[in-house]
Each structure stands twice: as structure tokens, then as C-alpha cells.
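One structure is given here, and the rest of the page talks about it.
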Amino acid sequence: MTDPAAPPSVRPQRRAPARALMQTAEALRLAAAAGFADFAAIHTWRTWLFGWLGRVLCQVAFFALIGRLLDSADSTRYLLVGNAVLIAVMESMFVVASTTWERRTGVLPLLVAAPTDPVLVFCGRSAQWLASGTVSATIALFVMAPVFGVELPMPRALLVVPLIGLVSVSAYCFALVLAGLVLRAMMLRNVVGNIGWLCISLVAGAQVPVQALPDWLRAVGFVSPARHGTAAVRATLDHRPGSEVLRQAGLELLVAAGWLTVAVLTFRRLAEHGRRDGSITFDG
């Protein structure tokens, strides 16, 4: 219990952790609000629904058709589910490009000079891709599954929605690492983002079973975003035990935490170098 008679110099120190937490939440909220404002400038509901979402559905249908060409219902199901989940990864990888906007507009030097940790701004600034990716992937799965005759057990299938969200978060944390690196070579932003997404699609078990990969690729995939989240989605839809779903979801959460830690270190190193040598400019 706080002593009301305590000196003023003592009472603020006791409230410092709570104040710091509130300031962190506020910084993330404001950064996310700026991100969603950018998203609203890019898309109207019409362009998102008939432009972006239409493109997403066509992409999932393309891979599902490969299963049809193989005349295999199992392959169709495998490819449809895996590529629907990968949509969340693809949108999260847009972080690599959108993070460079701060440097192009001249905001990055101000962020580095501000008292607020710039890592918080970078973590919240592209949150719009998390929301859009989760929604896009979920719609792709639930719309295209009936089209290709893939049965989704209801209401159990609804449990995949938070799992897809977890995949988005995991890929987002990985994309932040790439974004921190690309800030020093912005001309590579789209190349790095696309290569990152393609590499994840290769090792995540979305296109081919993990068992078919070489041992070294399996090892890489174990710490890759989406690997365990995709497995959790498949386990949910295949009526496997809840313990298996929770285990895979827990591993995905650990992967996300690991990449987030690396992202924080990457951005802090960038900020420290920028303060020391003045290398943070408009175009890097």
C-alpha cells in the first residue's frame, strides 16, 4: 500500500513501471493509427474487396487447381489450406517496404532523436498489414474451400481464425527484422520482401509436406514463421487432438517472440549508429 506521507520523489518512482507501460501502449496505439490511416489512403473498401481480395482468391485458386490437375482430393485440400494461410504471411511481408516510408519522408531522423523508443513506432507503424492479412487469409480459406469441395468442419473450423492471426504476427516479427536491415539499402525493399515470402512458403509446409524436405531445410523451417502455425491449422481442420494444436501454436508463438527480439536489436543498432555517425538521411 502506498504511503501518502511518502516524499514526492519516492511516489513517482513507484508509479514509474505503470507509467512506462501506459506510454508504451500509447506509442504503439498512435503508430498503429498512423498505419491504418496510410492503409485508408491506399485502399477504399471497393479497391480492397474487388481489387486486392480478388487477387488473393485467384492466387489460392491457382494452387488449388494444381491439386485438381493431379486428380487428388488430398493434394487439393493440402494446397488450398496451405496457400490460404500463406496469404497472411505475404501481407505481413509488406512491412519490409512500408517501413522504408519513414526514411523517404524524412521522419526517421526525428524518430531517432525523439525520447520515445523508435522500436515501438516501427512495431506499430505497419500493424495494418496484420489486420488485412488475417482477414484476407481467413476469407480466402472459407470462400475457396467450398469452391474446390474441401470440407471445413464447423464450428471447429472457426478455431483457425486466431491461428491465422498468430501466423500473421509471427511473419510480421520476421518481416521487421528484414525491414531493419533494408533501411540501409532501401532499393532492395521489394526484392527482400518477396524473397522472404518465397523462402517461408518453401519451408513452412504450405506447398509441400515438411517430411519431403532435406534435413537442413527442415531445420531452417523449424525457426521459420508459419511452419508451426500452418501445422496447427491443419491439425484443427483434421480433427487432431487439441494438445497437438496447442503444441504447434505454442511453438509458433516462441518463433514470433524470437524474431521480435532480433527485430528490436536490429532497430536499436540502426538508431545507435545513426545517432553516432549521422548516417540516417532521407534516401540512405
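Considering only region 98-118, I want to know if a residue exists there that is in contact (Cβ under 8 Å) with a residue 24 or more places away in the chain, within 30 Å of Val147 (Cα to Cα) and surrounded by 18 or more Cβ atoms within 10 Å (Cβ to Cβ). No: zero hits. Among the criteria (1) assigned to a helix (DSSP H, G or I); (2) in contact (Cβ under 8 Å) with a residue 12 or more places away in the chain, the one Ala41 does not fulfil is (2).
Which residue out of Ala226, Ala219, Ala257, Ala171 is over 14 Å from the mean Cα position of the chain (by Cα) and of a type outside the set (D, E, K, R)? The match here is Ala219. Restricting region 221-234 to residues that are of a type in the set (A, V, I, L, M, F, W, C) and buried (at least 16 other Cβ atoms within 10 Å of the Cβ), the residue that is farthest from Ile66 (Cα to Cα) is Ala232. Here is a list of conditions, (1) in contact with a Gly (Cβ under 8 Å, 6 or more places away or on another chain); (2) buried (at least 24 other Cβ atoms within 10 Å of the Cβ), and Gln248 meets all of them except one; can you say which number that is? Every condition holds for Gln248 apart from (2). Counting the residues of region 98-108 that are assigned to a helix (DSSP H, G or I) and under 9 Å from Met186 (Cβ atoms) gives 2.
Bear in mind these aren't lab numbers, they're just calculated from the coordinates by the rules spelled out. Nothing here was measured: the structure is a model prediction, and the numbers come from that model. Virtual Cβ from ideal backbone geometry, glycine too; neighbours counted across all protein chains shown.
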